[in-house]
Amino acid sequence: MNWIWVLFYSLPGFLIGFLSVYGITGDFEIWYWIVLALFIAFIFSKYTEDFWFRNGFMTAFLTGIWNSLTLTLFMETYFVSNPETAEMWIETAGDLEADGFIFFSGFPIGAAYGVFVGIITLLMARYIFKKTLSNS
């Protein structure tokens, strides 16, 4: 696994987080995440020879962590720019502090996103780029 690639291609999590902080992504944020998932899957399925699922998973997982870190660091601006979402986060957090809840929710959300991207990466490598799976 190439950790430099994983770290580099996970950095758009900061960008999406920053755009979200200022309310730029709006209702289309899910589409940014889907496009990013397909981009990550394409890069790792086409340009690597093995560990497709793990590469896709780790990159997407880190992307989710970077995103939650960005939202946590700029939480006040995020809440001002996204009042509906802020209300949802505060209600969901319950007795927890909102910033801690946002940061730590990045781990399970990133893991779920990682599984999704890892599966897409594996399927692309196998069925689009016709790569054979090894037993190692």
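Read-outs throughout are calculated quantities, based only on the coordinates presented, and are distinct from any laboratory measurement. Because the structure is a prediction, the values reported are computed rather than measured. Here Cβ is always computed from backbone atoms with ideal geometry, including for glycine, and neighbour counts include all displayed protein chains.
Below is a table of values for the structure above.
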read-out	value
Contacts under 8 angstrom Cβ, first residue in the stretch 80-93 being of a type in the set (Gly, Ala, Ser), partner not in a helix (DSSP H, G or I), 6 or more apart	Ser81/Tyr22; Ser81/Gly23
Selected residue (criterion: surrounded by the most Cβ atoms within 10 Å (Cβ to Cβ)) from residues of the stretch 81-124 that are within 14 Å of Asn67 (Cα to Cα) and among the aromatic types (Phe, Trp, Tyr)	Tyr113
Residue among Thr121, Thr59, Thr85 that is in a helix (DSSP H, G or I) and within 11 Å of the chain's Cα centre (by Cα)	Thr59
Conditions (1) out of contact with any helix residue (DSSP H, G or I) (no Cβ under 8 Å at 6 or more places or on another chain); (2) assigned to a helix (DSSP H, G or I); (3) farther than 14 Å from Tyr113 by Cβ; number of the one not met by Phe44	(1)
